[in-house]
1. Considering region A:153-205 alone, what residues qualify as being within 21 Å of A:ALA230 (Cα to Cα), out of contact with any His (no Cβ under 9 Å at 6 or more places or on another chain) and polar (S, T, N, Q)?
2. Which one of A:GLU204, A:GLU181, A:GLU208 is under 27 Å from A:ILE105 (Cβ atoms), surrounded by fewer than 21 Cβ atoms within 10 Å (Cβ to Cβ) and facing another protein chain (nearest Cβ under 10 Å)?
3. For region B:14-22, does any single residue satisfy the condition of being touching a helix residue (DSSP H, G or I) at 6+ places or on another chain (Cβ under 8 Å) and surrounded by 14 or more Cβ atoms within 10 Å (Cβ to Cβ)?
4. State the number of residues belonging to region A:184-201 that are among the aromatic types (Phe, Trp, Tyr) and either over 17 Å from A:VAL132 (Cβ atoms) or crowded, with 19+ Cβ neighbours inside 10 Å (or both).
5. Filter region A:114-127 down to the residues that are under 13 Å from A:LEU144 (Cα atoms) and in a strand (DSSP E or B), then identify the one that is farthest from the other protein chains (Cβ to nearest Cβ).
6. Which residues, taken from region B:26-75, are acidic (Asp, Glu), in contact with a Gly (Cβ under 8 Å, 6 or more places away or on another chain) and modelled with pLDDT of 95 or more?
7. List the pairs whose first member sits in region B:24-36 and is farther than 23 Å from B:GLN74 by Cβ, whose second member is among the aliphatic types (A, V, I, L, M) and in a loop (DSSP other than H, G, I, E, B), and whose Cβ atoms are under 8 Å apart, counting only residues at least 6 apart or on separate chains?
8. Evaluate the following for A:ALA64: is it under 21 Å from A:SER224 (Cβ atoms), of a type in the set (Gly, Ala, Ser) and out of contact with any Pro (no Cβ under 8 Å at 6 or more places or on another chain)?
Amino acid sequence: MSSSHGHHHDHHDHDHDHDHDHDHAHPHSPPAPDDADQYDRYEVLLQTALRELLDEKGIITADALHRQIDYQDSLTPAIGGKIVAKAWLDPVFKKKLLADPLKTINESFELDITTPLDLVVLENTPTVHNVVVCTLCSCYPRMLLGIPPAWYKSIDYRSRIVVEPRKVLAEFGTHLPDDVEVRVSDSTADLRFLVLPYQPAGTEGFSEAQLAALVTRDSMIGTSLPLSAASTSAHAQK
Amino acid sequence: MNAIEPRPGHALPAGTPVVIRKQPPEIHCRTPFYLRGAVGEIAEVRGCFRDPSLLAFHKPGLPMRVLYRVRFKQKDVWPEYSGGPNDTVVADIFEHWLDPIDGVKKV
């Protein structure tokens, strides 16, 4: 794909033989995943051919491949949510988390995450709101959040979030004052980013588990804010 | 941590104004097209990494390259940007894709 050229090729690098308009037909819905039919020819054939060749030559067995898929599927945003909740409650942990994220996470949660990448935690404050994208492909902190959502990998999100971040955030229901710095981090190299959202008002005295329940996947990508204190009490009353 | 510390005198300090090079892209290029020619400033030195544009071709990725986080004002990237006045975009840029504007000394 020519996606390494970012927005310049957004809607011109593949043929559309159908007539709906991708650009602004749905101004109030979040970025949509790419069309499935965009991939159902060359990419799927290539993927199948590669997988079968690797298996036949004994380089990566089908068994090993399925184990890896199971492992990837087992990672969920719940891990990230626990990290965020602990950072909200424990200032010493937060300081260590920001200074050396992976080591701190492994030590504090008795995990053994290894990665050739460097993890970076981006802290939201009342004056800075971070949001993460990979305009070149789909880099994502999988070790903490699992497999990225389809929209994160879409050309729509990747091309627009760097050009008009506030419009995209609004489509996620996220509206920020003009004087807040919206800081888009483009994950272009060897770093992976986890957003540490700002703790919602009215959650003082919440337990770690109650706080973790407010931390959505999208709030750790930065497209959304965490759930509000009111949303959980309302939920609990149901 | 997989990065190693740059040798003394081999990294630009945070705050240095830089311009992203407009050079022919490598085949496996990590510098986004929309930032070529853009002016920003070093936000952070992240250390030395093996060069992904060489690793992609099963080479050792040497010499290791200093990786920076470079911060740009949105207005400086997109002249018609209509979001907040303080909005920024930050990208990870390798040393061989940027130049200091003021001839700042490396530290």
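1. Selection gives A:GLN199, A:THR203.
2. Exactly one of A:GLU204, A:GLU181, A:GLU208 is under 27 Å from A:ILE105 (Cβ atoms), surrounded by fewer than 21 Cβ atoms within 10 Å (Cβ to Cβ) and facing another protein chain (nearest Cβ under 10 Å), namely A:GLU181.
3. yes
4. Total meeting the criteria: 1.
5. A:VAL121
6. Within region B:26-75, B:GLU41 is the sole residue that qualifies.
7. Close Cβ pairs satisfying both conditions: B:ILE27/B:ALA56; B:HIS28/B:ALA56.
8. no
The values are calculated or read from the model by the stated rules, or taken from the named source; none is laboratory data. Just so we're clear, the structure is a prediction, and the values are computed from it rather than from any experiment. Cβ: placed from backbone, ideal geometry, glycine included. Neighbour counts: every protein chain shown.
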